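Asker: The structure's right below; bear with me while I get my questions together.
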Amino acid sequence: MMAAKTNPHQIKESRIKLLDSVKRVVIKIGSGVLTKANGLNVAVINNLTKDICCLIEDGVEVIIVSSGAIAAGLKKIGLSKRPQSISQQQAMAAIGQSTLMIAYEKAFQQHRKQKIAQILITRDDLTHRRRYLNARNTLLTLLSWNIVPIINENDTVVVDEIKFGDNDNLSAMITNLSEAQLLINLTNIDGLFDMDPRENENAVLIDVVEKIDHKVTKYASSIPGFLGTGGMTSKIKAARKVALAGVPTIIANGLRPDIIKLIFSGESEGTLFLPEKVTLCRRKHWIAFTKYPKGEILIDSGAEKAIIDNGKNLLPSGIKDVKGRFSRGDSVVLLNENLNKIAIGMVNYHSSAIKKIMGLNSDMIHSKLGFKDNDEVIHRANLILTDKIEKEMMDVT
């Protein structure tokens, strides 16, 4: 469900009411905003940092998720297009990251000498609970010291298996990790349109999206990837993820002067995605969207009914097959007998152990394995059904 152009006064009032409660915000800035033909767009960076410093003066804590390292590296050494090989992309990121951070450092120094910190992470850093909490503690410490964290994926070492996919996905994970109350996704388009505005002058900007459904995702897919690596579909998925944590998202044009100031003034800038009324707790959100599923477990109809209808644990007796190699504490996808994804959960046993005990009663675990950690393979507290997350959102890569 969504609303297109409505009463501007009502929109402003509702936005001001929503934004008044925001004390911590994640601002994701795309490469299409930060870079231009001859390198970094310093004027835009200066404008954004000025607005961010005004937010900080008003008592709002700001975390930046920044793209632009690879794009900055390309311009720095004179290449015209992004290289294909992983090693070359990693080299580009290494070259461009310092340029990007120097630009931020200079810009923030011009405004109340605001201090910044660089954080480079991979998805693997957030998959392990202890490292996830360590990253969270680092972020909160920096914020308590009045320092702006600037986060980017560690492209110099990342491989496909531990990639976030894009910085839209990373920004959603950081929003959950930091317990921010708002995600602002700045790109080089005004927001979500009902069709590609480059090709159709009648394209209408959607002011408010109350719920992200298939109609909304269809609109997003009609606007192809002129928005950087992620594209509009990626931004909608990120908005959906934080909505399930009870957090709104605003997708807006980062090239517009004073865009952050306008947003926090309640102006009808970009598209506002409202949070879900029924949300996931942060731990389940972490299991569903931050941990990378390492395998699949096929369950029988009895186990499916017990889990979906009665909220039960997954016991070994209901397991028919195990696919992939994974360890205790990893996330896996649960499939029913029709191979449909019904849930995602965090396992209590590694894959080889589950293969030995599948189909057995829980009281036989010790005799089969020589040890017994838990009666259940997945506890219901660590299991999320697909009726809480739309089917396409199970693809957390």
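Asker: Quick one: if you take sqrt(5λ) for each eigenvalue of the C-alpha gyration tensor of the chain, what semi-axes come out, biggest first, whole angstrom?
Answerer: Numbers: eigenvalues 304, 117, 79 Å².
With the √(5λ) rule applied to the chain, the semi-axes are 39, 24, 20 Å.
Asker: Which peptide among 56-69, 195-208, 83-96 comes first, and what is the full order, when sorted by highest mean count of other Cβ atoms within 10 Å? Spell out each step's value before the answer.
Answerer: Details: 56-69: 20.5, 195-208: 14.2, 83-96: 16.0.
Output ranking for 56-69, 195-208, 83-96: 56-69, 83-96, 195-208.
Asker: Rounded to the nearest 0.05, what FRET efficiency do Glu337 and Arg130 give with R0 = 35 Å and r taken as the Cβ-Cβ distance? Could you check?
Answerer: Values: r = 36 Å, r/R0 = 1.03.
That pair, Glu337 with Arg130, gives E of 0.45.
Asker: From the phi of every residue in region 318-334, what ³J(HN,Hα) in whole Hz does the Karplus formula 6.51 cos²θ - 1.76 cosθ + 1.60 yield, where θ is phi - 60° and glycine or proline is x?
Answerer: x, 9, 9, 7, 10, 10, x, 10, 8, 10, 4, x, 7, 8, 9, 9, 9
Asker: To continue, here is another question. Counting only pairs 8 or more residues apart or on different chains, how many lysine pairs in region 293-389 have their Cα atoms under 19 Å apart?
Answerer: 23
Asker: On to the next question. Per residue, how big is the convex hull of region 207-314 when only Cα atoms are used? Give it in Å³.
Answerer: Normalising the Cα hull of region 207-314 by residue number yields 158 Å³.
Asker: Express as a percent, rounded to the nearest 5, the fraction of DSSP beta bridges in region 252-397 (both residues included) that run antiparallel.
Answerer: On the way: 13 of 17 bridges.
If we restrict to bridges inside region 252-397, about 75 percent are antiparallel.
Asker: While we're here: Report, in deg cm²/dmol and to the nearest 500, the calculated mean residue ellipticity at 222 nm for the chain, where each DSSP H run with n ≥ 4 adds -39500 (n - 2.57) and the sum is divided by the residue count.
Answerer: On the way: 15 runs with 153 residues, N = 397.
One gets -11500 deg cm²/dmol as the mean residue ellipticity at 222 nm.
Asker: While we're here: Relative contact order for region 2-284: what percent, with Cα pairs under 8 Å and sequence separation of 6 or more? The partial results should precede the final answer.
Answerer: Details: 546 pairs, mean separation 69.5, N = 283.
Relative CO of region 2-284 lands at 25 percent.
Asker: Could you size up the charge dipole of the chain around its Cα centre, putting +1 on the beta carbon of Lys and Arg and -1 on that of Asp and Glu, and report it in debye to the nearest 20? Please report the intermediate quantities before stating the final value.
Answerer: Details: 53 positive and 43 negative charges, 176 e Å.
Roughly 840 debye, rounded to the nearest 20.
Asker: Regarding region 293-389, what is the average projected area of its C-alpha convex hull, in nm²? Provide the component values of the computation, followed by the final result.
Answerer: Working: hull surface 21.4 nm².
Answer in nm², one decimal: 5.3.
Values in this text are rule-based calculations from the coordinates and carry no lab data. Model, not experiment: these values are computed from the prediction. Note that we place each Cβ from the backbone using ideal geometry, even for glycine, and neighbour counts take in every protein chain shown.
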